[in-house]
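Chemist: Just dropping this structure here.
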Amino acid sequence: MEQNQLYPIFLKLNVLNVLIVGGGTVGLEKLSFLLKSSPNATVLVVSKDFDEDFLRLANKYQVSLLKAPYNKLALKNKQLVIAATNNIEINKQIYADCKANNIIVNVADTPSLCDFYLGGIVTKGNIKIAISTNGKSPTLAKRLRQFLEDIIPENINELAENLNKFRKTIKGNFSDKVNQLNQLTEKLL
Ligand SMILES: C[C@@]1(CC(=O)O)C2=NC(=C\c3[nH]c(c(CCC(=O)O)c3CC(=O)O)Cc3[nH]c(c(CC(=O)O)c3CCC(=O)O)/C=C3\N/C(=C\2)[C@@H](CCC(=O)O)[C@]3(C)CC(=O)O)/[C@H]1CCC(=O)O
Ligand SMILES: NC(=O)c1ccc[n+]([C@@H]2O[C@H](COP(=O)([O-])OP(=O)(O)OC[C@H]3O[C@@H](n4cnc5c(N)ncnc54)[C@H](O)[C@@H]3O)[C@@H](O)[C@H]2O)c1
């Protein structure tokens, strides 16, 4: 069976600088999923034009907008870039510029020009689950996200908070702590 070899990580987008190029339909989809998970993300969007829905969303968050054609100067101080223009040549240029500057880049909906994929994301308080189908079916990623949102109880966050409190009270060396936490949570499965 083919295995998904992608490595998921959980990024602090408030301490990283994100650039999105393209303020149209696909740019809006990517920005809205990004902000849904990380409302405190620092994002710059460069686009020749912005759709109205795009402006409405961006104005509610820490999103800076630059109405201009893409220029590689926009890559300055960026760690993560999403290209979402409707011009494949520009998207390829952004990809090449990012590669030349060691910046990780996602050309939206173009797996061959992605260092990383965006995932389906389930959030319940402190708990977050990221889903990837290895690019095989974004629709399945969406359905799995909806399914998990439905079946994971809202109070999973209380459990995490209580375990965090307990974790702070237990004494002893590292392996004693690990044993106590493992015993307490054994029945959860
Ligand atoms: C998860 C999610 C996150 C997000 O975007 O934030 C996401 N796509 C979502 C939805 C979605 N995207 C598309 C449809 C229409 C149905 C369809 O085409 O299948 C739907 C469904 C819908 O909207 O209902 C179009 C599409 N997407 C890609 C291609 C190109 C290709 O596959 O070759 C095409 C065809 C374009 C064309 O036709 O030209 C590629 C990618 N899309 C990914 C992520 C990455 C793989 C993730 C994984 O490993 O599964 C990857 C590889 C790269 C990337 O963009 O990061 C988000 C669901 C969020 C949610 O609801 O929770
Ligand atoms: N819309 C969809 O559902 C969909 C689905 C699959 C694939 N795609 C593909 O994804 C791409 C983007 O589609 P879209 O619907 O978001 O297009 P769109 O026209 O809604 O948005 C494109 C945005 O890119 C900006 N742009 C264009 N050239 C630019 C440049 N040189 N510098 C900066 N900004 C620039 C435009 O101003 C616009 O805001 C297209 O290639 C499209 O074929 C779209």
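The values are calculated or read from the model by the stated rules, or taken from the named source; none is laboratory data. All values derive from a computational prediction rather than experimental measurement. We place every Cβ from the backbone using ideal geometry, glycine too, and count neighbours over all the protein chains shown.
Chemist: Picking from THR133, THR169, THR139, which residue would you name as being away from ligand 2 (no atom under 16 Å from the Cβ), among the polar types (S, T, N, Q) and closer than 24 Å to LEU34 by Cα? Write out each step before concluding.
Modeler: Details: THR169 fails: closer than 24 Å to LEU34 by Cα; THR139 fails: away from ligand 2 (no atom under 16 Å from the Cβ).
Unique residue meeting the criteria: THR133.
Chemist: Hey, which of the strands (runs of 3 or more DSSP E) in the range 13-124, taking only ones fully inside, have at least 2 residues that are without any contact (Cβ under 8 Å) to a residue 60 or more places away in the chain and not acidic (Asp, Glu)?
Modeler: Numbers: elements: 17-23, 42-50, 63-67, 80-83, 104-107, 120-124.
It comes to 42-50, 63-67, 104-107, 120-124.
Chemist: Still on this structure, I have one more. Can you tell me which condition PHE174 does not meet? The list is (1) exposed (fewer than 11 other Cβ atoms within 10 Å of the Cβ); (2) within 19 Å of LEU35 (Cβ to Cβ), and all the others hold.
Modeler: So the condition that PHE174 fails would be (2).
Chemist: Within the range 75-116, which residues are within 11 Å of ligand 2 (Cβ to nearest atom), farther than 14 Å from LEU19 by Cα, out of contact with any Pro (no Cβ under 9 Å at 6 or more places or on another chain) and hydrophobic (A, V, I, L, M, F, W, C)?
Modeler: Step one: of the range 75-116, the residues within 11 Å of ligand 2 (Cβ to nearest atom) are 83-91, 93-94, 107-110.
Filter once more, keeping what is farther than 14 Å from LEU19 by Cα: 86-90, 93, 109-110.
With out of contact with any Pro (no Cβ under 9 Å at 6 or more places or on another chain) added as a condition, the list becomes 86-89, 93, 110.
Once the filter is applied, which keeps residues that are within 11 Å of ligand 2 (Cβ to nearest atom), farther than 14 Å from LEU19 by Cα, out of contact with any Pro (no Cβ under 9 Å at 6 or more places or on another chain) and hydrophobic (A, V, I, L, M, F, W, C), the range 75-116 yields only ILE88.
Chemist: Can you tell me which of ASN86, ASN59, ASN101, ASN106 is within 12 Å of ligand 1 (Cβ to nearest atom) and over 19 Å from the mean Cα position of the chain (by Cα)? Please lay out each step first, then the result.
Modeler: Details: ASN59 fails: within 12 Å of ligand 1 (Cβ to nearest atom); ASN101 fails: within 12 Å of ligand 1 (Cβ to nearest atom); ASN106 fails: over 19 Å from the mean Cα position of the chain (by Cα).
Just one listed residue meets the conditions, ASN86.
Chemist: Here is a follow-up. Can GLU149 be described as touching a residue at least 12 places away in the same chain (Cβ under 8 Å), more than 15 Å from ligand 1 (Cβ to nearest atom) and either closer than 24 Å to ASN40 by Cα or not small (Gly, Ala, Ser) (or both)?
Modeler: On the way: touching a residue at least 12 places away in the same chain (Cβ under 8 Å): yes; more than 15 Å from ligand 1 (Cβ to nearest atom): no; either closer than 24 Å to ASN40 by Cα or not small (Gly, Ala, Ser) (or both): yes.
So GLU149 does not fit the description; no.
So that you can scan it fast, the table gives a plain yes or no per residue for (1) in contact with a helix residue (DSSP H, G or I) (Cβ under 9 Å, 6 or more places away or on another chain); (2) modelled with pLDDT under 95; (3) surrounded by fewer than 15 Cβ atoms within 10 Å (Cβ to Cβ); (4) hydroxyl-bearing (Ser, Thr, Tyr):
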| site | (1), (2), (3), (4) |
| --- | --- |
| GLY119 | yes, no, no, no |
| VAL122 | yes, no, no, no |
| SER132 | yes, no, no, yes |
| ALA141 | no, no, no, no |
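Chemist: Report whether or not SER47 is in the same structural domain as ILE104 (by TED's automatic domain parsing), more than 16 Å from ligand 1 (Cβ to nearest atom) and buried (at least 17 other Cβ atoms within 10 Å of the Cβ). Spell out the reasoning first.
Modeler: Numbers: in the same structural domain as ILE104 (by TED's automatic domain parsing): yes; more than 16 Å from ligand 1 (Cβ to nearest atom): yes; buried (at least 17 other Cβ atoms within 10 Å of the Cβ): yes.
Spelling it out, SER47 is indeed in the same structural domain as ILE104 (by TED's automatic domain parsing), more than 16 Å from ligand 1 (Cβ to nearest atom) and buried (at least 17 other Cβ atoms within 10 Å of the Cβ).
Chemist: Which residue, of ALA84, ALA96, is under 23 Å from PRO111 (Cα atoms) and crowded, with 19+ Cβ neighbours inside 10 Å? Write out each step before concluding.
Modeler: Values: ALA96 fails: crowded, with 19+ Cβ neighbours inside 10 Å.
Sole residue among the options that is under 23 Å from PRO111 (Cα atoms) and crowded, with 19+ Cβ neighbours inside 10 Å: ALA84.
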